[in-house]
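The structure appears right after this line, and notes come after that.
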Number of protein chains: 2
Amino acid sequence: VTVRNPTESERAARTPSEFERIERFFAPLAGSGALGLKDDAALLDPIPGRRFVLTADAIVAGVHYLPDDPPDLVARKLLRVNLSDLAAMGATPEGYLLTTALPPDHGADWLERFAAGLAADQAEFGIVLLGGDSVATPGPATFSLTAVGSVEVGRELRRGGARPGDHIYVSGTLGDGALGLRALRGELPPSLGRGERDALADRYRLPRPRLALGRGLAGDPATAPLAHAAMDISDGLVADLAHICAASGVAATVRADRLPLSPAARAAVEADPALLALPLAGGDDYELLFTAPPAAAAALAVLAAELDLPLTRIGEIPASGPPHAATDRAVRVVDGGGHELSLSQQGYRHF
Amino acid sequence: VTVRNPTESERAARTPSEFERIERFFAPLAGSGALGLKDDAALLDPIPGRRFVLTADAIVAGVHYLPDDPPDLVARKLLRVNLSDLAAMGATPEGYLLTTALPPDHGADWLERFAAGLAADQAEFGIVLLGGDSVATPGPATFSLTAVGSVEVGRELRRGGARPGDHIYVSGTLGDGALGLRALRGELPPSLGRGERDALADRYRLPRPRLALGRGLAGDPATAPLAHAAMDISDGLVADLAHICAASGVAATVRADRLPLSPAARAAVEADPALLALPLAGGDDYELLFTAPPAAAAALAVLAAELDLPLTRIGEIPASGPPHAATDRAVRVVDGGGHELSLSQQGYRHF
């Protein structure tokens, strides 16, 4: 008997290099539940009293990052964007699954740096790789990451819990992510210094998932949750606050003069006041946006001090008034004098 | 104050059409844990006494399927390939997360058919969409799916449990997947009838994840597991059996004349004996490959009858002899007379 092998093209989807890639670069990142990435699937043991929290994001070279961005930062940003979603639910990260679709020019050097970024953040956040897949693509590099976290049953933070009379808070500073993208593109005013540009670019490239804050807002069994509603800011403050309003059936008012700005962002806005649109609508901040009752103010101040992370009250959920439709117009932005600013094609301006 | 909006390119990664896509096509597929796909992450409650089982696969248009394949079948195959991994662990599927990277030509019509395929299989397998992401790509359509299943703690089927003296079994029939791909390419002998070609093509396009078999092999608390080791056949019988051998530290002997062939596959091999390579090495079968002690034979016969699914003994783990290295050579393939066939560049042949 002499019989032919399957054709080369039939094996193209699973070349030996796939197994080599997994063995060399990904297996060292795997935790015990991943069974060395050598079984059909990974195992995840239940944690008594806790729910699992699952979230997934995909990124494409040339769309979500620049093809020549440092591979370790591409990996860490993908991981952190997902961890930010876990933080917004009040969850603690447990692990992740990763699929990669790689073009031929992503060789061992690129993968080594990509895996080094994952290893660094696994150590920082105490998580492991649980499983995944690695395939070839004739198109741009494409990655999909599913993050797994856990939260005590019933204490998960949701978007739909905002109530009339709540105060609206954000963590950290706003606008750095979008200003950082402009810094990387060389689009910021020339008066800004190198240090300020670098600080902004770093914020764009390496989000800080606010996991400890999320856990603090969810509270523990002995306390009530501090926050009524929470989410992370990925699409921009106004757009994301509108999601909370829609889910909660409420409206919101934001004071533009109260937005927390980093020193670098403040310098950028002073050099070009038009850049004030970015803290309001720029996206990529990955800070937590949450609402809390006025009675939580003191506890939030303690939490901010414990975490060494500013929590700034930027507005409120009106105590009365009609809940608006699920559009940006559910969110009113006012200046320091209480005059409304409107989002138009040209940006934010007075009515 | 008049300030500019973020530039269009900054919003390109998350256009309104992303939200529309999710709202229109994916939200209707979501289960209650997915929170309507409107929160930051999905919730998955622990199931007392059970572990979760996680697996992920990615597929790329033009690599893993033909760009003009029916979208519903693309969706169902992606889902079923992952369910097959759960079956191989003895797990029951619970749900899945899906990320899509779509080129501009994948409009509402394509997505509607893709989502209809998911809906059909959700109903068939009793699962729901838990979460995901949908982004744009300038490259080929790329999908990543993470499947979540559960299995009773300690009863999961692993690759590493094969023992000397075990019998080797496969479910169903082998070679249909690889022959089906050839049928779709018009590469099968002209003597084959339309019905045979269609039957083979159907097996390639729509794998049958052997979930009930996996659960049966894992057994229940009152019984010992029937199988010592199991996996699903995706890369071809010989290559996948080599994975079991490597994980278990054993060798294996397969009788080529015992491979279960469907009527259509038998007709194809009779028309062209060279095609016998496909049941051995062709991949895409998604049957279960498992080893079991001789004492399990009667219980396996009962299980096969209950499931109306052939379980064929195709070889054994030698009772003695050195465990081979982790290569295909851990697996010996012999003909009906006991003479060894070798896998060469030209296919299987006698030494």
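Quick note: the coordinates plus some simple rules give every number you see, no bench work behind them. Since the model is a prediction, treat every value here as computed from it, not as a measurement. Using ideal geometry, Cβ is built from the backbone for each residue, glycine included, and neighbour counts are taken over all protein chains shown.
The figures follow:
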{"read-out": "7 Å along Cα→Cβ, label-point gaps from B:A295 to other copies, nm, shortest first", "value": "6.4"}
{"read-out": "Chain A residue with Cβ closest to the axis mapping A onto B, distance in whole Å", "value": "A:G139, 1"}
{"read-out": "Length gained when the stretch A:A222-A:D45 is fully extended (0.36 nm per residue, less Cα-Cα span)", "value": "61.2 nm"}
{"read-out": "Max mean-square fluctuation residue, GNM over chain A, Cα-Cα springs under 10 Å, options A:P164, A:P318, A:P138", "value": "A:P138"}
{"read-out": "Eligible lysines near B:K38 by straight Cα distance, threshold 24 Å, same-chain separation 8 or greater", "value": "A:K77"}
{"read-out": "Added length on full extension, which subtracts the Cα-Cα distance from 0.36 nm per residue, A:R194 to A:E23", "value": "57.4 nm"}
{"read-out": "Label distances, nm, B:P67 versus same residue in remaining copies, Cβ-directed 7 Å point", "value": "1.8"}
{"read-out": "Amide H partners (placed H, <5 Å) of B:G219, local residues excluded", "value": "B:L226"}
{"read-out": "Fluctuation leader among B:I59, B:I127, B:I47 - chain B, Gaussian network, Cα springs under 10 angstrom", "value": "B:I47"}
{"read-out": "Efficiency of FRET from Cβ geometry, A:R329 and A:D109, R₀ 45 Å, rounded to 0.05", "value": "0.35"}
{"read-out": "Where labels lie 7 Å past Cα in the beta-carbon direction, separation of A:D68 and B:L206 in nm", "value": "5.0 nm"}
{"read-out": "Residues with amide H under 5 Å from that of A:S262, placed H, sequence gap 5 or more", "value": "A:L174"}
{"read-out": "Dipole magnitude of the stretch B:173-263 about its Cα centre (Cβ charges: Lys, Arg +1; Asp, Glu -1), debye to nearest 20", "value": "160 debye"}
{"read-out": "Whole-Hz couplings from phi, Karplus 6.51/-1.76/1.60, listed for the stretch A:39-46; x for Gly and Pro", "value": "10, 6, 7, 9, 10, 9, 6, x"}
{"read-out": "From phi via Karplus (6.51, -1.76, 1.60), per-residue ³J(HN,Hα) for the stretch A:80-96 in Hz, x at Gly/Pro", "value": "6, 4, 6, 5, 5, 5, 5, 4, 5, 8, x, 8, 9, x, 10, x, 7"}
{"read-out": "Dipole in debye (nearest 20) - the protein assembly as shown, about Cα centre, beta carbon charges: Lys, Arg +1; Asp, Glu -1", "value": "460 debye"}
{"read-out": "Pseudo-label separations to other copies for A:L307 - Cα-to-Cβ vector, 7 Å, nm", "value": "4.9"}
{"read-out": "Under the Karplus curve 6.51 cos²θ - 1.76 cosθ + 1.60, θ = phi - 60°, whole-Hz ³J(HN,Hα) for the stretch A:101-114, x wherever Gly or Pro sits", "value": "10, 10, x, x, 7, 8, x, 4, 5, 4, 5, 4, 6, 4"}
